[in-house]
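K.L.:
If you scroll down you'll find the structure; I have some questions about it.
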Amino acid sequence: MDENREQPTFPASDVELDLRGVICPYNFVKTKLKLETMKQGQLLSVLLDDGDPIRNVPRSVENEGHTVLAQERVDQAYRVLIRREESD
């Protein structure tokens with residue numbers, strides 16, 4: 001375990017949401033609700049478990065019209081960076 005290893009290419013977010021341990025579809029619902037409270041252009045970082053969450057949440061967020069900017073592995077989870085887009 002190398003704690004000094006950082007990924008400087010992953011942009012900083014305005015808000016972070018830790019959804020490790022939250023099952024589908026609740027992790028998407030919580031992500032969607034958080035995005036609704038944010039302003040257009042703000043960045044949301046979401047921590048998701050491997051498996052269904054990392055497969056489903058980014059796809060569902062994009063289907064809602066938001067942009068997934070990056071994904072990175074963090075220990076046993078993934079960090080997903082989402083930009084809040086204008087809602088209709």
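Here, each number is a calculation from the coordinates, and none is a lab measurement. The structure displayed is predicted, hence computed values, not measured ones. Cβ coordinates were reconstructed from backbone atoms using ideal geometry, including for glycine residues, and neighbour counts include every protein chain displayed.
K.L.:
For residue 74, list long-range residues whose amide hydrogen, built 1.01 Å from N in the peptide plane, is under 5 Å from its own amide hydrogen.
P.N.:
Here 79 satisfy the definition.
K.L.:
From the P(r) of the chain, could you give the percentage of C-alpha pairs in the tail past 20 Å? Display every interim value, and only then the final one.
P.N.:
On the way: 1098 of 3828 pairs.
Distances greater than 20 Å cover 29 percent of the Cα pairs.
K.L.:
Residues of the stretch 23-46 with the amide nitrogen closer than 16 Å to a label point 7 Å from the Cα of residue 63, along Cα-to-Cβ, please.
P.N.:
So the set is 24-33.
K.L.:
Right, another one. In whole Å, what are the extents of the stretch 38-88 along the principal axes defined by its C-alpha atoms, from largest to smallest?
P.N.:
That works out to 34, 17, 14 Å along the principal axes.
K.L.:
In addition: From the phi of every residue in the stretch 63-70, what ³J(HN,Hα) in whole Hz does the Karplus formula 6.51 cos²θ - 1.76 cosθ + 1.60 yield, where θ is phi - 60° and glycine or proline is x?
P.N.:
5, 7, x, 8, 10, 8, 8, 6
K.L.:
About its Cα centre, how strong a charge dipole does the stretch 15-83 have in debye, to the nearest 20, once Lys and Arg get +1 and Asp and Glu get -1 at the Cβ?
P.N.:
Working: 10 positive and 10 negative charges, 38 e Å.
Charge dipole of the stretch 15-83: 180 debye, to the nearest 20.
K.L.:
Using helices alone, I'd like the mean residue ellipticity at 222 nm for the chain: each DSSP H run of four-plus residues gives -39500 (n - 2.57), total over residue count, nearest 500.
P.N.:
On the way: 2 runs with 23 residues, N = 88.
Taking each H run of at least 4 residues, the total per residue is -8000 deg cm²/dmol.
K.L.:
Would you work out the relative contact order for the stretch 15-83, in percent, from Cα pairs under 8 angstrom that are 6 or more residues apart?
P.N.:
So the answer I get is 36 percent.
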